[in-house]
1. For the range 120-157, which positions are among the hydrophobic types (A, V, I, L, M, F, W, C) and farther than 20 Å from L210 by Cα?
2. If a residue must be farther than 26 Å from D98 by Cα, without any contact (Cβ under 8 Å) to a residue 24 or more places away in the chain and either in a strand (DSSP E or B) or more than 50 Å from the chain's Cα centre (by Cα) (or both), how many such residues does the range 135-160 contain?
3. Could you tell me which residue of the range 278-328 is surrounded by the most Cβ atoms within 10 Å (Cβ to Cβ), considering only residues that are over 23 Å from A340 (Cα atoms) and of a type in the set (S, T, Y)?
4. Going through the range 395-449 one residue at a time, which ones are of a type in the set (A, V, I, L, M), surrounded by 19 or more Cβ atoms within 10 Å (Cβ to Cβ) and under 22 Å from S529 (Cα atoms)?
5. Of E499, E542, which residue is modelled with pLDDT under 95 and not aliphatic (A, V, I, L, M)?
6. Being surrounded by fewer than 18 Cβ atoms within 10 Å (Cβ to Cβ) and more than 19 Å from E206 (Cβ to Cβ) is the filter here, so list the residues in the range 117-134 that pass it.
Amino acid sequence: MSDKEKQPSDHTEEHSPEITSSRALIRELLPLSGMDALNHILNHEDPGRLIQGLPRVDLFWLVKKIGEDDALPLLRLASNEQWQHFIDMDIWQRDRIDLIKAANWVNRLFKADPDRLAAWFYEEDNPLGYYLFFKNLEVIIKTDNDQVIPENFFSLDNVFYIRTLDKDHEEITEAIIRYMAQVDFSRYQTFIQGLTGIIPAEMEEEMYRLKGVRLAEVGYLPFEEARSVYAYKKADLLEADQSPYRLFTPEDDDSKAMVPMLPFSHTRGSNLLTRAIVQISDQGLLDRLRLEFAGLCNQILSADGTPLDEMDVLIKVCRKTAGYINLGLEKVSDEDPVLAERFLKNNPLISIFQAGFGLALELKWKMERWLKHAWFKKHDLGFDFWGDQWGAVLEGFSQNIPAFNTGLEGAEAYRGFERFSEIENCRIILNHVTALDQLMGCIYSNYPLDEDVFDDPFLSFYPFIFHFWAGTQLGLGPGLQPLSIEQLRHLFVILRGNEQTPPFKMAAHQNVFIENLISFARGIPNEMSDQVREALIVLWREFSDEYAWVNMENLDYRFTRFFFKKAGN
């Protein structure tokens with residue numbers, strides 16, 4: 001395998017047998033389906049030790065890969081600390097508990113190991129059971145024999161009468177309560193008695209605080225703090241050498257065992273980041289990068305408010321994280337993997353990420369400044385005015401977090417930027433759009449438009465340029481006069497000149513097109529002239545390519561985007 005094809009996980013490591021075993025397991029499981037991964041683990045000679053030796057982050061995503069309800073054997077093997085991580089990661093919506101998700105997780109843990117769940121709920125430092133049962137149960141304490149208890153209440157001791165409020169989980173909730181009483185009846189009574197003294201808002205606030213402390217260890221910060229990941233950072237602030245930056249590097253086996261492997265394993269593909277990583281032989285540095293990368297992914301998940309529903313969520317956030325890190329490295333390293341490695345060593349990954357993300361932010365800010373006085377905005381036109389491709393690029397930068405348009409449909413239409421070339425292509429498109437917008441603004445300040453022209457819901461910028469220019473070539477004067485189909489065909493006779501057979505290149509009229517339009521756009525600043533010319537060259541090529549193979553008799557207003565169907569109406 002060549003260096004270019006190698007992946008970051010190809011390094012041979014020197015660790016204790018336990019760490020080596022857990023890391024080898026992650027690599028073995030990566031290409032497997034969920035059920036094959038589960039069977040692979042259960043066939044191990046000591047699956048319990050193997051599972052409890054996995055970092056919490058890796059086990060969480062492994063359970064997502066398998067499917068929570070199919071992963072009950074793994075939940076049975078997991079430690080209480082790992083259970084707590086599942087709960088912390090999956091039941092919160094910002095600063096509030098999602099009762100449905102919480103109930104689903106409690107049900108899974110009960111099916112996995114009912115004895116341990118009961119004991120876990122009885123622990124004084126575990127408020128989850130108290131909070132959920134307070135929300136899901138109505139409890140009546142019978143104080144005398146003549147007291148009438150409403151229907152649908154049940155009791156295990158003729159003192160505490162209970163009714164489940166969550167009808168969707170009524171059966172399993174009652175089963176958990178009965179099992180808790182069976183395990184330790186006196187503690188059950190104490191537990192139910194304790195429900196009457198709960199102040200839920202205070203308990204939820206304290207649970208949120210403790211959850212934040214635990215998840216901060218793996219980079220999953222509260223939403224308000226996590227948003228700082230998208231702070232702007234100039235790339236020239238990154239250090240190639242002699243940086244004061246030093247992150248804790250795991251040294252003892254216990255610390256090394258907690259370093260997540262799964263997120264870093266998804267930094268796939270051939271780019272500058274992966275080429276730099278594959279060169280690193282310092283295992284301490286690799287562990288530091290794994291730890292930082294996993295924490296950065298978690299921070300981004302929190303900042304984006306992404307539901308942690310499936311393994312694909314991890315894969316997407318890893319791609320986004322690695323993409324912006326790669327973008328930052330490309331900006332400062334000029335495609336040199338040796339230099340990129342030095343930047344990785346001397347800077348926090350979050351700083352490199354922010355330097356890459358900052359390049360997208362700069363374009364977003366440039367677009368926002370232009371939009372304040374853009375000609376098309378003054379006429380209440382949307383981004384689709386600029387066509388499918390250019391409009392989609394602008395739409396990507398209009399989002400709170402700027403995104404790259406992939407050209408695909410649906411959920412895959414936008415993603416984070418991954419390469420400097422993507423930034424540069426978008427920069428060129430933004431330059432073209434701003435230049436053409438200014439061109440049209442100048443032209444139509446001199447030749448005012450009838451506002452009815454903007455009523456077409458499928459309106460685009462093409463006819464404002466080409467239809468206007470066509471009138472000048474046909475001797476009709478500047479403006480958007482209606483053109484008959486005969487006049488349109490006469491225009492192409494002029495443009496094609498002596499060309500008798502396709503492809504019709506119309507090359508002789510490119511400069512005429514450019515200079516003629518600029519001559520009508522009095523007021524364009526000198527610094528914009530070059531950008532206007534570049535944009536018009538792109539448009540002319542698009543126009544000439546579209547009509548290169550169209551015979552004169554096939555010209556039809558129904559199939560053109562460059563001319564108004566009925567100009568001025």
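1. L137, V139, I140, I141, V148, I149, F153, F154, L156
2. Residues flagged as farther than 26 Å from D98 by Cα, without any contact (Cβ under 8 Å) to a residue 24 or more places away in the chain and either in a strand (DSSP E or B) or more than 50 Å from the chain's Cα centre (by Cα) (or both) within the range 135-160 amount to 12.
3. This residue is S302.
4. The answer is I429, L430, V433, A435, L436, L439, M440, I443.
5. E499
6. Residue satisfying the conditions is A119 alone.
Listed here are the residues, each with its yes/no results for (1) crowded, with 16+ Cβ neighbours inside 10 Å; (2) closer than 27 Å to S281 by Cα; (3) charged (D, E, K, R); (4) modelled with pLDDT under 90.
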residue	(1), (2), (3), (4)
T12	no, yes, no, yes
L25	yes, yes, no, yes
M35	no, no, no, no
L38	yes, no, no, no
F60	yes, no, no, no
W92	yes, no, no, no
D95	no, no, yes, no
W105	yes, no, no, no
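Residue-wise test of (1) among the hydrophobic types (A, V, I, L, M, F, W, C); (2) buried (at least 16 other Cβ atoms within 10 Å of the Cβ); (3) in contact (Cβ under 8 Å) with a residue 40 or more places away in the chain.
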| residue | (1), (2), (3) |
| --- | --- |
| Q500 | no, no, no |
| P503 | no, no, yes |
| A508 | yes, no, no |
| S519 | no, no, no |
| N526 | no, no, no |
| F564 | yes, yes, yes |
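The values are calculated or read from the model by the stated rules, or taken from the named source; none is laboratory data. Predicted, not measured: the structure shown is a model, and the values here were computed from it. Quick reminder, even Gly has a Cβ in these numbers, built from the backbone with ideal geometry, and neighbours come from all protein chains shown.
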